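The values are calculated or read from the model by the stated rules, or taken from the named source; none is laboratory data. Just so we're clear, the structure is a prediction, and the values are computed from it rather than from any experiment. Positions of Cβ are backbone-derived with ideal geometry, glycine not excepted, and every protein chain shown enters the neighbour counts. Keep in mind that these areas ignore ligands, DNA and RNA; they rest on the heavy atoms of the full protein, side chains included. Shrake-Rupley method; radii C 1.70, N 1.55, O 1.52, S 1.80 Å.
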Amino acid sequence: MTITGEVVRIAGAVVSAKNLAGARMYDVVRVGDKQLVGEIVVLEGDVATIQVYEETEGIAPGEPVTTTGMPLSAELGPGLLGTTYDGIQRPLEILLAEGGDFIVRGVHAPGLRRECGWDFTPAVRPGDRVVGGDTLGAVVETEVHEHRVMVPPTLQGTIAEIAPEGRYTVDDVVATLKGDGRTQTVRMRQYWPVRQPRPVLRRLEAADPLISGQRVIDTFFPLVKGGTAALPGPFGAGKTVVQHQLAKYVNADIIVYVGCGERGNEMADVLRQFPALVDPTTGKSLMDRTVLIGNTSNMPVAAREASVYTGITIAEYYRDMGYDVALMADSTSRWAEAMREISGRLEEMPGEQGYPAYLASRLADFYERAGRMAVLGSSGRTGSVTVIGSVSPPGGDFSEPVTQNTLRVVRVLWALDADLAHERHFPSINWLTSYSAYAGAVQGWWTAHAAPRWEEYRTEMMGVLQAESELLETVQLVGEDVLPEEDRLVLVQARLIRDGFLIQSAFHPVDTYCPAEKQYLMLDLLARFYRHGQRAVAAGVSAAAVGGLAVKSRIERMPFVPDERFAGEHAVIAQEMDEAFAGLTAGKAAYGVTPRG
Amino acid sequence: MTRVTGPLITVAGVADVAYGEVVEITVPSGERRAGRVLESREDTAVVQVFGGTEAVDTLRTSVRFTGETMKIGVTEALLGRILSGTGEPIDGGPLIIPDAMREISGSPINPSARDFPRDSIETGISAIDGMNTLVRGQKLPIFSGSGLPHARLAAQIARQARVRGQAESFSVVFAAMGITYEEADFFIRNFRETGALEQAVVFVNHADDPVIERLITPQMALTVAEYLAFDLGYHVLVILTDMTNYCEALREVAAAREEVPGRRGYPGYMYTDLAAIYERAGRIKGREGSITQIPILTMPNDDITHPVPDLTGYITEGQIVFSRDLHRKGIYPPIDLLPSLSRLMQGGIGEGRTREDHAAVKDQLYAAYARGRRLRSLVAVVGEESLGDIDLLYLTFADRFEAEFLQQQENERRTFEETLDTAWQLLSMLPESELVRIEPALIEKYYPGEADG
Ligand SMILES: Nc1ncnc2c1ncn2[C@@H]1O[C@H](COP(=O)(O)OP(=O)(O)OP(=O)(O)O)[C@@H](O)[C@H]1O
Ligand SMILES: [Mg+2]
């Protein structure tokens, strides 16, 4: 049933309308003669306050407002992968075809293509009992993904009819269920209100590392499938580059990338690169596993607010099929600012720094939607949603509300640092302030995957970096001269870890992705160098002499050695190193040729 | 007319006024001013008055709602003209007959329609070309401070910018907001002397012009730029100066509306507002032209965390940051390379674009210069004696880098090759084993051999 009212006030993205008695909170409405999309956010008597997802210029009091009777929902089904949407799931390609290069208002485009046929293979037979989440059949959505057509979460019953193998569109009925005294039809498209989490059976522990090929992340501050991470940093620190690297390389099945209030050219960059790039796990085009949501900074602010919800709902949908999904949101600060802007127009009581009082709970609710889950249905499947949110603190000051409230709910912090970025130490993840609560959980995986001494090495190298930061304070005051040789060796070693391991160029063809095996071998050489160094210094060699060894440049160039050649390079460097140290200490007592281990 | 607060008036007894509608206000003296509807209710409207509210009263001032949103007439004939901040010709030239009327608020470019910018621009300035390459379609602001030579640098870029292998130069759309007559004249004279004025459209809102007028100047300028670029195929360089003045006008309106202020009194929506300006740069698939933006802003107190540079940096594709220290040392351009950045550099350089060694040389220069700078501050405390030989080399490297690479003349134009060759000369101060950011094959090809000291 639709209700029609009348606009009484327009202030930016917020419009009020009267004569809307009977309309429901969060209903989607069409506003004005241009039929702009909006959502009811406040109801008072018969007056509704509406946040409008499109530009409101030119709208006047007296224009009509019509309800649709549906809350803001995502349209879910085959055809999501490879598509780019705006914040309210309108395909940008269709807006382009219908409206031209500049986004025009009032274009309505469904999320899924209606005309496209999908080859459906049924997985149930008439008479089978099914519950929400059960697979009715499958279509091949992209070369690598079987799209499982599921019973919507709220339905259950007995299969009355199931479509035979064949080609169908998302509009076609593929199954009829009988149950609860009713007959229900199921199509390949279903709807889910974006602000509401899709239900699961239960939450499971997450311990499988999400391997990104980024050394500082995988080795020092690991993330897991189903985990949460925050990526705060000032402008230009490298948040987007990290997010793009993750989207390209993590070993998840599906990627949902939400460009929330950021740059148009960054979306263009993804659209340019992804189709040509190859997923390291499947060898197929990256676009085949990716859903993009791009509501850039100059696109309407209310749609920006909705974009993260649209994204996470799509992520949950694929999780429910049993996939590991990773969602990147760049940047959650722009989402929070959209909330603030709308809240201001609603004349709500402002909280800290003008953000609405519900900022903390909205952030928490969003990150709560991540996790490894036993998904609905009788198959016993598990799936996961990993969430990585960029945060853009004003002035780079992490004490502000968005960063702080995010840190209260996420388990991993990759703190980006302006000083490191200025020196072009990328990724500029500060190793002293970042943390991961999953380091213990993933240890088992590494030990089982040809990295027996992973934990030992990583603790040792982190210890060196921490010791360095304390020593550098002294050096700043009195110079390096006063330090004992073993401390000067710490400085040499720390430099080597930074230059030869932590720094990783996203733009270098080899270095952009570093497989776990190579990470471990690199770590092994660093640890070996340190042990040699310690022995040499103990035997009376100066730290400067250790730092002057030619083999050091070879270690610093490790990142650029192609993966397939690296095992060989590892052996060569190890040998060169052994010989170099032997040469250094020739004549000095108490020095063994090979280090312990 | 029921109420006047700062630059706003509230008008009662109106009907069906559209949000964003243009308003014509006639003050008792008969003078007319333009305004725009900021909020519309059934019988009242809040209007922002561009000419300011001086002499506006609540008795005899009359208000007419035009039923139109704000537009500017666009035509190729605007090239060579000087206009006021609201788009009126002020050069005594002939009447401008528009080919089309365009809404100044513009519409966002569909991200799918964007063509990723990759044609690098040779500005002839090593600090930019070598270290922070500008590409056509980028938005790259200059973060300056009062008294620093941003105008000279912007003029030099406008004068020298070329894309290799293409004869045509840039057309310039210049928008001045709240700048002094002296600075405005500097630009106009400069454009005139170099013949650039014929290919330029100049908008000037002086420091003593109404503050609120500044809010529409960049929108007007960008609407003209879009027409030139995307309808007529020009490559347009848009210079916006000074964005800090623009933001102050924004703050003034927010204060008058009694909005909840964000950081340092600037409105919470300033990010969105600035994005609507800066995102109007770029390229569009299948269209010839492009818009490259160089916004200039002065950082109050040289503070890069101030909301104006901060929010700008969060939107633009990098920034060129000026340093007062370098300026004091007499170095032009006084660009502090460490906080400076060009985010689109990566796609614009390398083989077939600039030169194969460009990315690696840039990385190595950054690493070496950063190390030299760090040592410089260390030496200030503990003296040079405590440094090892290699460290001393880096210290000298930083000095020579500033003197020979960064420093150049205002009329000096270096090619990409000249810039990169200078870089290799400097890098040859360091032993080959230090150049770990550069692949051995490139070192082999370009390293001139270790220089003495
Ligand atoms: N891993 C990396 N390797 C090489 N360069 C990098 C890396 N990370 C960042 N950079 C450089 O830093 C620049 C800025 O990075 P990025 O755009 O990701 O910053 P950001 O934190 O997202 O900034 P903003 O908040 O303004 O969006 C990049 O354009 C690139 O030049
Ligand atoms: Mg970013």
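The equivalent ellipsoid of chain A has semi-axes of 51, 29, 19 Å, largest first, where each one is the square root of 5 times an eigenvalue of the Cα gyration tensor. Shown here for the range B:1-98: trypsin sites (Lys or Arg not before Pro) in loop regions (DSSP other than H, G, I, E, B) with at most 13 other Cβ atoms within 10 Å, namely B:60.
Here the relative contact order of the range B:127-260, from alpha carbon pairs under 8 Å that lie six or more residues apart, stands at 27 percent.
When the range A:4-71 is described by a simple charge dipole with +1 on each Lys and Arg Cβ and -1 on each Asp and Glu Cβ, the residue from A:53, A:17, A:35 located farthest towards its positive end is A:17.
Counting only lysines at least 8 places from residue A:34 when in the same chain, those with an alpha carbon closer than 19 Å to its own are A:18.
A simple spin-label model places pseudo-atoms 7 Å from Cα toward Cβ; at residue A:46 and residue A:474 they are separated by 8.0 nm.
With the cut-off at under 18 Å, measuring from each backbone N in the range B:235-258 to a point 7 Å along the Cα-to-Cβ line of residue B:3 picks out B:252-258. Computed from Cα atoms alone, the Kirkwood hydrodynamic radius reported for the range B:230-323 is 14.5 Å.
The mean sequence separation of alpha-carbon pairs under 8 Å and at least six residues apart, normalised by the residue count of chain A, gives a relative contact order of 13 percent. Annotation: amide H-H contacts under 5 Å for residue A:132 (H modelled 1.01 Å from N, sequence separation of 5 or more, or interchain): A:155. Look at the alpha carbon pairs under 8 Å that are at least 6 residues apart: their mean separation over the length of chain B gives a relative contact order of 16 percent. Counting only trypsin sites (Lys or Arg not before Pro) that DSSP places in a loop and that have at most 12 other Cβ atoms within 10 Å, the longest clean stretch of chain A runs over A:115-407. Within the assembled protein chains, the solvent-accessible surface assigned to residue A:168 is about 40 Å², based on a 1.4 Å probe. Residues of the range B:292-327 falling in the label zone of residue B:152, defined by backbone nitrogen less than 20 Å from a point 7 Å along Cα to beta-carbon, are B:295-299, B:302, B:320-327.
Helical content alone sets the calculated 222 nm signal of chain B at -9000 deg cm²/dmol, taking -39,500 (n - 2.57) per DSSP H segment of four or more residues and averaging over every residue. A simple spin-label model places pseudo-atoms 7 Å from Cα toward Cβ; at residue A:187 and residue A:550 they are separated by 7.2 nm. Relative to the longest principal axis of the C-alpha atoms of chain A, give the angle of the C-alpha long axis of helix A:301-320, reported between 0 and 90° and rounded to the nearest 10°. Helix A:301-320 sits roughly 80 degrees off the main axis of chain A. In a DSSP loop and with at most 11 other Cβ atoms within 10 Å, the GluC sites (Glu not before Pro) in the range A:27-116 are A:115. Inter-label distance, residue B:417 to residue A:276: 2.7 nm, where each label sits 7 Å from its Cα along the C-beta direction. Taking square-rooted eigenvalues a ≥ b ≥ c of the alpha carbon gyration tensor, is the range A:264-309 rounded, prolate or oblate, where a/c under 1.5 means rounded and, failing that, a/b exceeding b/c means prolate? The shape class here is oblate.
Suppose R0 equals 45 Å; then what is the FRET efficiency for residue B:32 and residue B:164 from their Cβ-Cβ distance, rounded to the nearest 0.05?
Efficiency, rounded to the nearest 0.05: 0.35.
Over 48 Å apart: what share of the alpha carbon pairs of the protein assembly as shown falls there, rounded to a whole percent?
More than 48 Å apart: 31 percent of the Cα pairs in the protein assembly as shown.
Placing +1 on each Lys and Arg Cβ and -1 on each Asp and Glu Cβ, with no other charges, gives chain B a dipole about its Cα centre of roughly 680 debye. Taking 25 Å as the limit for the C-alpha separation, the pairs A:239/B:285; A:552/B:362; A:225/A:248; B:362/B:445 exceed it in the case of A:239/B:285. Going 7 Å from the Cα of residue B:118 in the Cα-to-Cβ direction, what parts of the range A:246-272 have a backbone nitrogen less than 15 Å from that spot? Within reach of a label on residue B:118, which here means backbone N under 15 Å from a point 7 Å along Cα→Cβ, the range A:246-272 contributes A:266, A:268-272. Can you pull out the GluC sites (Glu not before Pro) in the range B:18-114 that DSSP calls coil and that have at most 15 other Cβ atoms within 10 Å? Those satisfying the criteria are B:31, B:54. A straight Cα-to-Cα reach below 13 Å connects residue A:518 with the aspartates and glutamates A:218, A:563, A:564, A:569, residues fewer than 8 places away in its own chain not being considered.
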